[in-house]
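Colleague: Take a look at this one; I'll ask things after.
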Amino acid sequence: MIGALYSGLTGLKTHQTKVNIIGNNLANINTIGFKKSRVLFREAFAMMLKGGVSATGERGGTNPNQVGAGVQLSSIDVNHKNGSPQITDAATDLMIRGKGMFVLGAPDAANVDPNARGSSASASSIKVFTRAGNFGIDPSGDLVYRPNGYRVMGWSPNSSTGEIDTKGPVGNINFPFAKSIAKKTSMVEYSGNLDTRAGSAELKNAGGTGVLNAFNVPQGSSLAGGAHKLIVSQNLDGTFQASLDGGAGVPIQAGQVVAFADADGTPVLEATFGADIAAGVATLNAVSPEYTTTIGVYDGVGQQHVVKFKFTKDMTPDTKNIWNWQAVDATLATLTTGAANGGSLQFNAQSGTLVTATPAKTEVSITPVGDGAPLVFDVNFTDLTQFASSSDAIASKQDGVGAGSLTSFSIGPDGLINGIFSNGISRPIGQTAIADIPNPEGLTTIQDTMFAVSPSSGTPTYVTAGGRNMGEISSGALEMSNVDLTEEFTDLITTERGFQASSRVITTSDTILQEALGLKR
């Protein structure tokens, strides 16, 4: 009877443990990322009353006679089946759809003993893990686990290249809300047209002056494009003189080429008069051989510099369809000494498209005032044309931006955090790491819905979500508990019945013992 008492006692203890596990499961039915546990029993050792005997001759064998000594715990297993999603629409709420765990950095120096009750995760030399992705951003900009402030581990971009190396060690993920970023200009693209009529003038109305429609704009002329007046007047002695736009008068004769100059004496237009010279006003339209345009570019610290470009058609005799370009000025900067900052463009006479640019690598270098480093950017003229239409070439694109701050972000299925800045820049600012654990069931459950490694869990490796058969990350969702309410209540009923049965064994054994003791009376 003593053995029956102890057998019943083991039943009470094991079923009490199972009730504790079921109670914990039910208590955490609404806990984010919680993984339910189960209890399995096994038979305790049995006492041998009689051993088994093999068959001999005409007598058959007999089986052993044993009496069991009760029940004991076989295992307490954590079920890592995925829970259902709970949509929150909070960008920092993350859920892993599939295999893997989030990696957290434990801040303080203490040991995590997998065999100790109430294990703590505060060890600076280890990482702990969780399926609960209720993360937030602390005042310093770090991504943290909300229940205890542990930092979420991942990879940060290289400060020089901006690339993320997921092969390197994991560390904190920081959102640079307090920092500004800029992107210096590396490329400028030109498009539009350069007028093939540049450097020419066309007579609109002779006005009876006798001027012929045979104008020439000399190389280096500063004649402005647009309408001009050629004024012819007769002197007292009967001779004639002409002036361009009211400038200095120049004597003219029939069949003579007359040169008009600017205030500095540089020839700007050559005209020819016929035999019938008379006083009057002729009008003509000129297309300037020069065309200027500007473009704003940015240096490495986000300072804008407006660079002025000048295009000049080459009017050298026997030279056609060639334009020379030059960067001539820049605000808050100087043109870098020794840099060409210019070249030539050759156009096709038939199609008007660009044929060649000289030099082959067309670039401009400017030096910002102060301590700024020289800014060098390529200039692409591929989309320029030369048609008989007004010049409208513009720098249609440049890839630099001024300083801007982080305004929003998004987290992709691979855990890549893409930051969007006020200046329009979009760039990666971090990537969350996922732990690939060989035996998740071997992890030690610790506080705050976290797990720590144990000798049976294996060594975790840190990988990106979606790769190596790992689950993908969903932003704006959390993983709910995987506790099944109906299953837990069913287990609770059967456990209660097992506990009652064990208690009946004890009470029955006690009654029999009392009857045995009563034999003495």
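The values are calculated or read from the model by the stated rules, or taken from the named source; none is laboratory data. Just so it is clear, the structure is predicted and the values come from calculations on it, not from any experiment. Heads up, the Cβs are rebuilt from the backbone with ideal geometry, glycines too, and the neighbour counts pull from every protein chain shown.
Colleague: Within region 143-170, track down each residue that is farther than 17 Å from Asn418 by Cβ, buried (at least 20 other Cβ atoms within 10 Å of the Cβ) and within 18 Å of the chain's Cα centre (by Cα).
Modeller: The one that is farther than 17 Å from Asn418 by Cβ, buried (at least 20 other Cβ atoms within 10 Å of the Cβ) and within 18 Å of the chain's Cα centre (by Cα): Met153.
Colleague: Further, regarding this structure: Could we say that Asp93 is surrounded by 13 or more Cβ atoms within 10 Å (Cβ to Cβ) and among the acidic types (Asp, Glu) here?
Modeller: For Asp93, the condition - surrounded by 13 or more Cβ atoms within 10 Å (Cβ to Cβ) and among the acidic types (Asp, Glu) - is met.
Colleague: Do we find a residue being free of Cβ contacts under 8 Å to residues at least 60 places away in the same chain, touching a strand residue (DSSP E or B) at 6+ places or on another chain (Cβ under 7 Å) and in the same structural domain as Gly415 (by TED's automatic domain parsing) anywhere in region 93-107?
Modeller: Within region 93-107 (the criterion being free of Cβ contacts under 8 Å to residues at least 60 places away in the same chain, touching a strand residue (DSSP E or B) at 6+ places or on another chain (Cβ under 7 Å) and in the same structural domain as Gly415 (by TED's automatic domain parsing)), the answer is yes, since at least one residue qualifies.
Colleague: Now, a different point. Which pairs turn up if I take residues in region 386-397 that are buried (at least 19 other Cβ atoms within 10 Å of the Cβ) and look for partners that are charged (D, E, K, R) and not in a strand (DSSP E or B) with beta carbon separation below 6 Å, at least 6 apart in sequence or on another chain?
Modeller: Cβ pairs passing all conditions: Ser391/Asp195.
Colleague: Mind listing just one residue for me: the one in region 306-352 that is among the polar types (S, T, N, Q) and under 38 Å from the mean Cα position of the chain (by Cα) and, of those, modelled with the lowest pLDDT?
Modeller: Thr337
Colleague: Yes or no: region 209-221 includes at least one residue that is surrounded by fewer than 14 Cβ atoms within 10 Å (Cβ to Cβ) and closer than 25 Å to Gln326 by Cβ.
Modeller: Yes, there is a match, as at least one residue in region 209-221 is surrounded by fewer than 14 Cβ atoms within 10 Å (Cβ to Cβ) and closer than 25 Å to Gln326 by Cβ.
Colleague: Same structure, new question: Tell me which residues, restricted to region 283-326, are among the hydroxyl-bearing types (Ser, Thr, Tyr), surrounded by fewer than 16 Cβ atoms within 10 Å (Cβ to Cβ) and assigned to a strand (DSSP E or B).
Modeller: Across region 283-326, the qualifying residues are Thr283, Thr292, Thr294.
Colleague: Residues being farther than 26 Å from Lys313 by Cβ and part of a strand (DSSP E or B): count how many of those fall in region 222-241.
Modeller: 6
Colleague: Let me ask you something else. So, Gly467, is that one in the same structural domain as Thr166 (by TED's automatic domain parsing), more than 21 Å from Lys167 (Cα to Cα), outside any helix (DSSP H, G or I) and modelled with pLDDT under 90 or not?
Modeller: Against the criterion (in the same structural domain as Thr166 (by TED's automatic domain parsing), more than 21 Å from Lys167 (Cα to Cα), outside any helix (DSSP H, G or I) and modelled with pLDDT under 90), Gly467 does not qualify.
Colleague: Find the residue count for region 455-472, including only residues that are touching a strand residue (DSSP E or B) at 6+ places or on another chain (Cβ under 6 Å) and surrounded by fewer than 17 Cβ atoms within 10 Å (Cβ to Cβ).
Modeller: 1
Colleague: Also: Name the residues in region 470-490 that are outside any helix (DSSP H, G or I) and either touching a helix residue (DSSP H, G or I) at 6+ places or on another chain (Cβ under 9 Å) or within 27 Å of Val39 (Cβ to Cβ) (or both), would you?
Modeller: Within region 470-490, Glu479, Met480, Ser481, Asn482, Val483, Asp484 qualify.
Colleague: Only one of (1) under 30 Å from Asp399 (Cα atoms); (2) more than 60 Å from the chain's Cα centre (by Cα) fails for Gln256. Which number is that?
Modeller: Just one mismatch for Gln256, condition (1).
Colleague: Does at least one position in region 434-446 carry a residue that is in contact with a Phe, Trp or Tyr (Cβ under 9 Å, 6 or more places away or on another chain) and assigned to a loop (DSSP other than H, G, I, E, B)?
Modeller: Checking region 434-446: at least one residue is in contact with a Phe, Trp or Tyr (Cβ under 9 Å, 6 or more places away or on another chain) and assigned to a loop (DSSP other than H, G, I, E, B).
Colleague: Has region 69-79 got at least one residue that is in a loop (DSSP other than H, G, I, E, B) and over 16 Å from Ser481 (Cβ atoms)?
Modeller: Yes, region 69-79 contains at least one residue that is in a loop (DSSP other than H, G, I, E, B) and over 16 Å from Ser481 (Cβ atoms).
Colleague: Just need a number here: residues in region 1-50 that are more than 12 Å from Ile76 (Cα to Cα) and hydroxyl-bearing (Ser, Thr, Tyr).
Modeller: Result for region 1-50: 4.
Colleague: Quick one: what pairs do we get from region 157-168, first residue on the phi < 0 side of the Ramachandran plot, second surrounded by 12 or more Cβ atoms within 10 Å (Cβ to Cβ) and part of a loop (DSSP other than H, G, I, E, B), C-beta under 9 Å, 6+ apart or different chains?
Modeller: Here the result reads Pro157/Asp165; Asn158/Asp165; Ile164/Ser156; Thr166/Ala433; Thr166/Thr464; Thr166/Gly467, each pair linking region 157-168 to a residue that is surrounded by 12 or more Cβ atoms within 10 Å (Cβ to Cβ) and part of a loop (DSSP other than H, G, I, E, B).
Colleague: Scan the strands (runs of 3 or more DSSP E) fully inside region 327-369 and keep the ones with 2 or more residues being assigned by TED's automatic domain parsing to the domain that holds Gln386 and within 27 Å of Asp195 (Cα to Cα).
Modeller: Result: 342-347, 354-358, 363-368.
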